[in-house]
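The structure appears right after this line, and notes come after that.
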């Protein structure tokens with residue numbers, strides 16, 4: 001997390017762009033990591049991976065990081081203080097309302113409720129479905145999406161399904 005002295009930023013547009021910079025950078029990293037797997041480019045053919053044995057750690061790393069970057073985008077856009085999604089929405093609030101949401105205990109309560117909701121079984125699946133839908137929108141086929149999801153599970157949780 002980076003501290004930004006928001007009182008030194010001159011306009012609402014700059015405040016909004018500052019808040020959007022984090023998710024935008026995560027999205028650009030996602031694009032860079034996922035493009036080699038895109039079927040249109042054909043740089044990495046996921047159907048040929050693992051045919052002769054183990055999949056290389058480099059491909060697993062790229063797939064897992066791509067999935068994580070898109071998860072970071074989606075989670076960071078949730079309008080809960082102190083996430084960037086809230087910072088973007090707060091630019092359209094009155095100063096009093098923004099101050100009320102950003103000062104404790106309200107600022108901690110929003111994050112507490114967010115994490116409590118994520119602990120509900122199946123709640124985190126919405127974010128994973130968001131990654132899947134983003135990949136489908138970008139023209140990825142089922143095999144590639146399945147590989148990227150497996151790479152994420154394998155890299156983080158040591159299991160492939």
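The values are calculated or read from the model by the stated rules, or taken from the named source; none is laboratory data. Note that the structure is a prediction, hence the values are computed from the model and not measured. Neighbour counts run over all protein chains shown; Cβ positions are idealised from the backbone, glycine included.
Could you list all residues from segment 3-22 that are under 16 Å from residue 102 (Cβ atoms) and outside any helix (DSSP H, G or I)?
3, 4, 5, 9
Taking the residues in segment 51-78 that are over 19 Å from residue 25 (Cβ atoms) and surrounded by 14 or more Cβ atoms within 10 Å (Cβ to Cβ) as candidates, determine which candidate is modelled with the lowest pLDDT.
Of everything passing the filter in segment 51-78, 55 is modelled with the lowest pLDDT.
(1) more than 18 Å from the chain's Cα centre (by Cα); (2) in contact (Cβ under 8 Å) with a residue 60 or more places away in the chain: which one isn't true of residue 158, the others all being true?
Of the numbered conditions (1) more than 18 Å from the chain's Cα centre (by Cα); (2) in contact (Cβ under 8 Å) with a residue 60 or more places away in the chain, the odd one out for residue 158 is (2).
Among (1) at pLDDT 85 or above; (2) under 18 Å from the mean Cα position of the chain (by Cα), which single condition is residue 123 missing?
Residue 123 satisfies every listed condition except (1).
Write out, first by first residue and then by second, each pair whose Cβ atoms fall under 6 Å of each other, whose residues are 6+ apart or on separate chains, and whose first residue, in segment 124-145, is at positive phi and touching a residue at least 40 places away in the same chain (Cβ under 8 Å) while the second is exposed (fewer than 15 other Cβ atoms within 10 Å of the Cβ) and part of a helix (DSSP H, G or I).
none
Is it fair to say residue 48 is surrounded by 11 or more Cβ atoms within 10 Å (Cβ to Cβ) and either more than 18 Å from residue 138 (Cα to Cα) or under 21 Å from the mean Cα position of the chain (by Cα) (or both)? Outline the logic, then answer.
Numbers: surrounded by 11 or more Cβ atoms within 10 Å (Cβ to Cβ): no; either more than 18 Å from residue 138 (Cα to Cα) or under 21 Å from the mean Cα position of the chain (by Cα) (or both): yes.
Answer is no for this residue.
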